[in-house]
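Student: Mind having a look at this structure? Questions to follow.
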Amino acid sequence: MNDTCKLTMLGTGSALVTKCYNTCFTIHTPQTMLLVDAGGGNGILAQLEKAEIKLGDVHHVFITHAHTDHIIGVLWVLRIFIQYALRGMVDSQLHIYGHDKSLLVLRTMIELMLPAKLQKQIGTIVLLHEIKDGDSLSIEDLNLTSFDILSTKEKQFGFLAVLPDGKRLCCLGDEPYNPANEQYAKDADWLLAESFCLYAHRDIFKPYEKSHVTVKDAAEQAEALGVKNLVIYHTEDKNIDRRKELYTAEAKAHYNGNVFVPEDLETIIL
Ligand SMILES: [Zn+2]
């Protein structure tokens with residue numbers, strides 16, 4: 001078990017969901033754990049607790065973009081982390097990685113919303129690292145390369161994570177695959193991709209108007225890219241009781257690899 005890597009989905013929903021949490025997840029390796037986004041509020045604290053992840057054990061956070069459903073939870077994570085550190089409950093730092101816009105938003109929230117005593121710990125207990133398109137990060141045994149997904153609505157970074165065993169996990173953030181990122185996504189072992197809803201429900205949920213796509217679209221893309229495993233997230237929640245079954249069936253009709261439509265708190269062995 002010790003050398004297994006796993007993905008724990010803390011949330012699987014899009015921005016406006018109420019029946020699950022916003023999309024965010026952890027990647028655990030033998031040496032580290034990376035939290036990717038933190039959802040839209042202090043629900044992140046509940047999700048971490050339910051997943052039995054101690055907040056003080058989170059030392060690395062990657063922010064994809066500064067939309068509310070991804071970044072506000074990060075404020076909660078760093079706030080509680082600092083409180084733990086000031087009480088002597090954690091002895092290492094919290095590293096937060098994001099592009100210039102994400103860090104601008106995070107710094108502004110910190111400045112306007114957190115008490116001075118906590119603010120003072122930015123730069124000591126909490127370190128904010130600005131990343132650029134194509135930057136590589138070594139996070140213990142996890143190697144990450146960030147890439148700009150070239151969103152037309154909000155600057156957003158995805159990443160390619162190389163796991164200790166060499167497997168490649170590509171996270172596209174919460175927008176559809178952009179061919180400019182082929183070098184990262186092609187032949188990946190794992191592709192994490194948004195699907196707002198079923199293709200059959202496109203007229204109800206109107207994904208294309210929101211810079212999102214359907215399960216069928218994501219599955220066809222995964223097939224074209226030759227990825228081995230497709231994880232679908234950032235969905236609507238009106239069909240959540242049957243989401244796994246319905247979305248899996250639609251994806252499998254267009255993609256020959258393994259399909260994962262996780263529920264909140266589900267763990268996938270990588
Ligand atoms: Zn989102």
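The values are calculated or read from the model by the stated rules, or taken from the named source; none is laboratory data. Here the structure is a predicted model, which means the values were calculated and not measured. Note: ideal-geometry Cβ built from the backbone for every residue, glycine included; neighbour counts use all protein chains shown. Please note that ligands, DNA and RNA were not included when accessible areas were found on the heavy atoms of the full protein model with its side chains. Shrake-Rupley method; radii C 1.70, N 1.55, O 1.52, S 1.80 Å.
Student: Would you calculate, for the chain, the mean residue ellipticity at 222 nm contributed by helices, counting each DSSP H stretch of 4 or more residues as -39,500 (n - 2.57) and dividing by all residues, to the nearest 500? If you can, show how the numbers build up before the last one.
Tutor: Working: 8 runs with 74 residues, N = 270.
It lands at -8000 deg cm²/dmol.
Student: Taking 0.36 nm per residue of separation and subtracting the Cα-Cα distance, what length does fully extending residue 107 through residue 54 add? If you can, show how the numbers build up before the last one.
Tutor: Working: separation 53, 0.36 × 53 = 19.08 nm, distance 2.41 nm.
Net length gain for the segment: 16.7 nm.
Student: Angle between the Cα long axis of helix 100-113 and the longest principal axis of the chain, 0 to 90 degrees, nearest 10?
Tutor: Taking the Cα atoms of the chain, the angle to 100-113 is about 50 degrees.
Student: Then there's this: On C-alpha positions alone, give me the angle between the axis of helix 215-225 and the longest principal axis of the chain, in degrees, nearest 10.
Tutor: With rounding to tens, the tilt is 90 degrees.
Student: Shifting gears a bit: Quick check for me: using +1 on Lys/Arg Cβ and -1 on Asp/Glu Cβ, what's the dipole size of the chain about its Cα centre, in debye to the nearest 20? List each step's numbers first, then the result.
Tutor: Working: 26 positive and 36 negative charges, 114 e Å.
The dipole magnitude comes to about 540 debye.
Student: Another one. Based on the Cα gyration tensor of the chain, what are the three equivalent ellipsoid semi-axes, each the root of five times an eigenvalue, rounded to whole Å and given largest first? Please report the intermediate quantities before stating the final value.
Tutor: Working: eigenvalues 172, 76, 63 Å².
With the √(5λ) rule applied to the chain, the semi-axes are 29, 19, 18 Å.
Student: Also, quick follow-up: By a straight-distance test (C-alpha under 18 Å), which lysines pair with residue 155 as possible cross-link partners, with residues fewer than eight away in the same chain excluded?
Tutor: 101, 132, 210
Student: Quick one: Debye curve from the C-alpha atoms of the range 1-133, no solvent, what's log10 I(q)/I(0) at q = 0.14 Å⁻¹?
Tutor: Each listed q corresponds, in turn, to -0.59.
Student: Throw me the Rg/Rh for the range 129-270, computed over C-alpha atoms with Kirkwood Rh, two decimals.
Tutor: Details: Rg = 14.8 Å, Rh = 15.4 Å.
Taking Rg over the Kirkwood Rh, I get 0.96.
Student: Let me ask something else about it. Residues in the range 29-43, backbone N under 13 Å from the label point at residue 4 (7 Å along the Cα-to-beta-carbon vector): list them, ranges by number please.
Tutor: Only 29-30 pass the distance filter.
Student: Can you pull the percent of the range 1-91's accessible area that's carbon plus sulfur, 1.4 Å probe, other chains left in place?
Tutor: Numbers: 1690 of 3580 Å².
C and S atoms contribute 47 percent here.
Student: Another question about this same structure. Which of the listed residues, 161, 233, 70, is farthest toward the dipole's positive end in the chain, when Lys, Arg count +1 and Asp, Glu count -1 at the beta-carbon?
Tutor: Going by the charge dipole, the pick is 70.
Student: Averaged per residue, what accessible surface does the range 1-74 expose to a 1.4 Å probe, in Å²? Present the calculation step by step, with values, prior to reporting the outcome.
Tutor: Numbers: 2670 Å² over 74 residues.
Dividing the accessible area of the range 1-74 by its residue count gives 36 Å².
Student: First check a/c for the range 60-104, with a ≥ b ≥ c the square roots of the eigenvalues of its C-alpha gyration tensor; if it is under 1.5, answer rounded, and if not, answer prolate when a/b is larger than b/c or oblate otherwise. Mind showing how you got there, number by number?
Tutor: On the way: a/c = 3.21, a/b = 2.05, b/c = 1.56.
Because a/c hits 1.5 or more and a/b exceeds b/c, the range 60-104 counts as prolate.
Student: For the range 38-48, just list the computed ³J(HN,Hα) in residue order, Karplus coefficients 6.51, -1.76 and 1.60, θ = phi - 60°, integers in Hz, with x standing in for Gly and Pro.
Tutor: 9, x, x, x, 7, x, 4, 5, 5, 5, 4
Student: Could you tell me the calculated FRET efficiency between residue 224 and residue 86, based on Cβ-Cβ distance and R0 = 45 angstrom, to the nearest 0.05? Write down the numbers at each step before the final one.
Tutor: Working: r = 50 Å, r/R0 = 1.12.
The formula returns an efficiency of 0.35 here.
Student: May I ask you to evaluate 6.51 cos²θ - 1.76 cosθ + 1.60, the Karplus curve with θ = phi - 60°, for each residue of the range 19-27 and list the ³J(HN,Hα) values in order in whole Hz, giving x for glycine and proline?
Tutor: Computed from phi, the couplings for the range 19-27 are 9, 8, 9, 5, 5, 6, 7, 10, 10 Hz.
Student: Sequence-distant or interchain residues sharing an amide H contact under 5 Å with residue 61, placed H: which?
Tutor: 35, 95, 96, 97
Student: Distance in nm between label sites at residue 138 and residue 182, each 7 Å beyond Cα in the beta-carbon direction?
Tutor: 3.1 nm
Student: Could I ask something else about it? Taking amide H positions as placed in the peptide plane 1.01 Å from N, state which residues far from residue 150 in sequence (5 or more) or on other chains have amide H under 5 Å from it.
Tutor: Amide H to amide H, under 5 Å and 5 or more residues apart or across chains, residue 150 pairs with 156.
Student: Springs between alpha-carbon atoms under 10 Å, Gaussian network over the chain: tell me which of 188, 15, 253 tops the mean-square fluctuations.
Tutor: 253
Student: Can you work out ³J(HN,Hα) from phi for every residue in the range 151-163, in order, using Karplus 6.51 cos²θ - 1.76 cosθ + 1.60 and θ = phi - 60°, giving whole Hz and x for Gly and Pro?
Tutor: Ordered by residue, 3J(HN,Hα) equals 5, 8, 10, 7, 3, 9, 10, x, 7, 10, 9, 9, 6 Hz.
Student: Taking the alpha-carbon distance from residue 19 and a cut-off under 18 Å, which aspartates and glutamates remain once sequence neighbours fewer than 8 residues away in the same chain are dropped?
Tutor: Correct list for residue 19: 49, 69, 194, 236, 237, 241, 245, 263, 264, 266.
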